[in-house]
Amino acid sequence: MESDVLGTFESALQRVDVRLERTTAANVRGILAEVLEPPAVGVPLPFDGVSLPEAVETEPTPDELEAATTGITAVEFAVADYGSVAIRSSPTGEEPVSVYADVHAAVVAASDVLPDMEAAFERLGTDARGGADTVLATGPSATADMGALVTGAHGPKAVHAVVIEDR
Amino acid sequence: MSSDSREAKATRIRHLLRTEGDAVERNTRTFNRGRYDAVAELEAYEEYRNRAREIKERAIENLPELIDEVAAAVEENGGTVYLADDAADANRYVREVVADADAETVVKSKSMTTEELEVNDALEADGIDVWETDLGEFVLQVADETPSHIVAPAIHKSREGIAELFRERFDPDERLETAEDLTMFARGFLGERIREADVGVTGANFVTADSGSIALVTSEGNARKTVTATDTQIAVAGVEKIVPTVEDLHPFVELIGKSGTGQDVTAYVSLLTPPVDAPSLDRDPVAPLSSESADERDFHLVLVDNGRTAMREDDQLRETLYCIRCSACANSCANFQSVGGHAFGGETYSGGIATGWETGVHGYDSAAEFNDLCTGCTRCVNACPVKIDIPWINNVVRDRLNRGGDDGRFEFVYDELVPDEEPGGIDLQKRLFGNYETLAKLGSATAPVSNWVGELGPVRALLERAAGVDERRSLPEFHRETLRDWFSARGPSVSRADADREVVLYPDAYTNYVDVDRGKAAVRVLEALNVHVRIPAVGESGRAPLSQGMIDTADERASRVYAALAEHVDAGRDVVVIEPSDLAMFQREYEKLLPERSFERLRDGSYEILEYVYGCLENGADPSALRRPERPVAYHAHCQQRTLGLERYTTTVFRELGADVLESDVECCGMAGSFGYKTQYYDLSMDVGDRLREQFTSPAARDRLVVASGTSCEEQLGALLERDAAHPVEVLDPARRNRTDR
């Protein structure tokens, strides 16, 4: 059943031009090291036994944030049928790190990939009533205001998703 | 409306067709095609629409309680709520918050509500630098123009025009040519403004009462930066944006992107419960972000009334408040596709639903300016994710505007001539078209003299000057022998005793007095299927007066029609209608004009003629009794027929008879009843028609038999293609001779 959800997530991500890496906790660091283009900023990952590559600046200044090519964050959950990731706007800084860098690498536990928006809104209801701020992000930022579709309007030009299958 | 003001309107429309038409057409049609594709893939589309509608109905019903609930939730979260009565009140509050924050620069993400209030002007008067960060809004700010679309405000601008504008205004070091160049330049420029800013202003697509959250639906990421980078956030939202719970957002998130731009979902849906928890960027640029700075944020929710409470209390305007501002009504509107929001808008809002918004927030004068651009084609009705009957709101406002009119110069002649229920002040042009049946009766009784007189140069010139009937249009030719006369003399050829079914053929005014051949063909087609036909004495459906905003007259016509048909309906006879716009009256608008039971009985007992033919064939009637189309067919269904989902019966019948059918996919042919006859709209009508002309003169279509279900569609196709169009029943008529000239 779970693999079905991940399959759905993968094909939805393809539709919005997002590459998905499916990996195990032990290999996350290596995958991220391959994915990232320096300079990189990030927020420490909350998964047991998973850490960020050394090259990632985890206490960026606003200047470093704006200059970053890659921003790495964990996400609260993902929505399989739309290929969305739920970025928490928490004091640790997931929101600025994910929106300012040119590329956002979003790391999610397989157990947090929800099948659809219905399930996502059940979870968002509980979270929002607890005071949480969440951004459902689907693919890169985009605009068509300048006469053709351009990605990277104000936010990232590209998004990577990394699913930790054993979490 | 005088002939001078009609000419002024025509000139303005021609100007917009020339300057903004191409960009608007390209963009709105892309959005609209995207909508068709996106909703076709959504299995639960109708279910989501129903849920969305119910949520909005309930929310507006319980609005006062929800406002209290929101206020309590936001304050519990540490924010402040201000309930503003009107624009001045809202602006005063926003200015105070900005002053308290000692701000010099304010950045904004896109918000039509702040456009409605003119917040920027209020802040700029205080010496504040205000920057729109949505790229479309930014282009307009630089160009000093107003939005022409509620979702893509600069939709009327071309890439070349924007490049020129940026060159003049910013004199950039490098030449900006591509959309990518322009976007990256704007991103860089606005990035600096966002960093400087102390206050971020956003709108809110939705506000949830249970949690005090605001939902922002965006694609660019500018709203995210506007909120994150500034310590003070002001969200400005109309009170109608409130829904009870977070879970209620689900159907709207499924619908809003698909309905608007045809995207499955927009890149970002932010559900913020402010003050937000992100670390502030509004500190030292070289010191690391600090999680403690998240605690120092300030949040103000400005809930705006500005006429909305009065709209809620108005039975006809209330539905406007269900609007989620997705722009589907604008994108699906054939007239909007041609001229865009600068013709089709009031002070702030544009497109179909703008009539409701402008009437509610700026008053009738603002809505009057563009209200007549709604032809009542109903293409927006199925496009609306919350099922708002937008054409009805337009009719109601038109009716109210009629009552406020003062142009009574022709009243003394006209009151004698026409039996309508309207006050004296109503515009002569509207009265002429609204009383079409009376004219047709008169024209038929005096035919052929009336036709000769009607075509005389001086008469046409007078008609154009006094009533704005465009000289370039051919007028209907009235028949001395009406369809009813013909049928009474001829009698039915299938007796009641031998018939499989019994039908009342509705003699609409056009078929009865003008296109009598179409009526005769309908009789013969029904009889070929072994149906006993009756044609009772029954008057016009009310479509003509309704389209001119003469609701009382339409209401009176509806009662007469029902009275004339009720016994037939009770006797189990099926009512068969040739003209789709009349069937649409029975199936949709009569709900507003007749008692519920009467409406339901007529609705359930009435059929479009090809729908009926299809039903007969399904129930065993012999298809060989009908004439087979001798050539491939190019078919244009009527707008209202498509809204009711009836066009498929015509194509299916043709195909079952072995015809190759190509169906038009344009929203509307542009003639739209009386609309195309009006001098002020002639050019627009022809521009809209161009899209159909292009399709039907393409290599795949140009040698086909042109078939159309609606009267005005037939007229317009004749003008566009210089070859006649036939009604489907004429093609199927067993008595039809081989006519390869059609």
Name the long-range amide H neighbours of B:Val130: under 5 Å, sequence gap of 5 or more, or other chain; modelled H, no Pro or chain starts.
B:Val106
Hull volume per residue for segment B:431-478, using the convex hull of the C-alpha atoms, in Å³ is 66
Using alpha-carbon positions, the gyration tensor of chain A gives root eigenvalues a ≥ b ≥ c; with a/c under 1.5 called rounded, otherwise prolate if a/b exceeds b/c, else oblate, the class is rounded
Across bins of 20 angstrom width beginning at 0, how are the C-alpha pair distances of chain B distributed, in whole percent?
16, 46, 28, 9, 1
Helix-derived [θ] at 222 nm for chain B: sum -39500 (n - 2.57) over DSSP H runs of at least 4, divide by residue count, nearest 500?
-14500 deg cm²/dmol
Can you give me the three principal axis dimensions of segment B:1-87 from its C-alpha atoms, in Å, biggest first?
56, 41, 27
Give the residue from B:Ala522, B:Ala499, B:Ala509 lying farthest towards the positive end of the charge dipole for segment B:469-540; charges sit on Cβ (+1 for Lys and Arg, -1 for Asp and Glu) and the dipole is referred to the Cα centre.
B:Ala499
With angles folded into 0 to 90 degrees, how steeply does helix B:21-40 sit against the dominant principal axis of chain B? Use alpha carbons for both and round to 10.
80
Got a sec? Which residues of segment B:270-285 lose 50 Å² or more of accessible surface with every protein chain in place, vs. that chain alone, 1.4 Å probe?
B:Leu271, B:Thr273, B:Asp277, B:Leu281
Express in Å², to the nearest 10, the accessible area of B:Ile67 obtained by rolling a 1.4 Å probe over the protein heavy atoms while all chains stay in place.
30
Can you tell me what share of the DSSP beta bridges in the protein assembly as shown is antiparallel? A percent to the nearest 5 is fine.
25
Looking only at aspartates and glutamates whose Cα falls under 12 Å of B:Lys430's and that sit 8 or more positions away or on another chain, we get B:Asp372, B:Asp399, B:Asp407, B:Asp420, B:Glu422
Of B:Lys110/B:Lys387; A:Lys157/B:Lys157; A:Lys157/B:Lys387; B:Lys9/B:Lys108, which pairs sit farther than 32 Å apart, going by alpha carbon to alpha carbon?
A:Lys157/B:Lys387; B:Lys9/B:Lys108
Stokes-Einstein D (µm²/s) once Rh is taken as the Kirkwood radius of the protein assembly as shown over alpha-carbon pairs, at 25 °C in 0.890 mPa s
83
Relative contact order of chain B: what whole-number percent is it, with Cα pairs under 8 angstrom and at least 6 residues apart?
12
Using only the Cα atoms of segment B:427-581, build the gyration tensor, take square roots of its eigenvalues as a ≥ b ≥ c, and label the shape rounded, prolate or oblate: rounded if a/c is under 1.5, else prolate if a/b is larger than b/c, else oblate.
oblate
What are the equivalent ellipsoid semi-axes of segment B:251-364, built from the alpha-carbon gyration tensor (square roots of five times its eigenvalues), in whole angstrom, biggest first?
36, 20, 14
Given the alpha-carbon gyration tensor of segment B:1-156, what are the semi-axes of its equivalent ellipsoid in whole angstrom, ordered largest first, with each equal to the square root of 5 times an eigenvalue?
33, 28, 18
All Cα pairs of segment A:85-167, percent lying beyond 21 Å:
38
With both bridge residues required to lie in chain B, what share of the DSSP beta bridges run antiparallel, to the nearest 5%?
20
Using each residue's phi in segment A:59-64, evaluate 6.51 cos²θ - 1.76 cosθ + 1.60 at θ = phi - 60° and report the 3J(HN,Hα) Karplus result to the nearest Hz, with x for Gly and Pro.
10, x, 8, x, 5, 5
Do you know the relative contact order of segment B:566-695, to the nearest whole percent, from alpha carbon pairs under 8 angstrom that are 6+ apart?
20
Residue by residue through segment B:572-581, which ³J(HN,Hα) values in whole Hz follow from phi under the Karplus form 6.51 cos²θ - 1.76 cosθ + 1.60 (θ = phi - 60°), with glycine and proline marked x?
x, 7, 7, 8, 10, 10, 8, 8, x, 5
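The values are calculated or read from the model by the stated rules, or taken from the named source; none is laboratory data. Just so you know, these numbers come straight off a predicted model, no measurement behind them. No Cβ is skipped: glycine too gets one built from the backbone with ideal geometry, and neighbour counts run over all protein chains shown. What goes into the accessible areas is simple: the full protein's heavy atoms, side chains included, and nothing from ligands, DNA or RNA. Shrake-Rupley method; radii C 1.70, N 1.55, O 1.52, S 1.80 Å.
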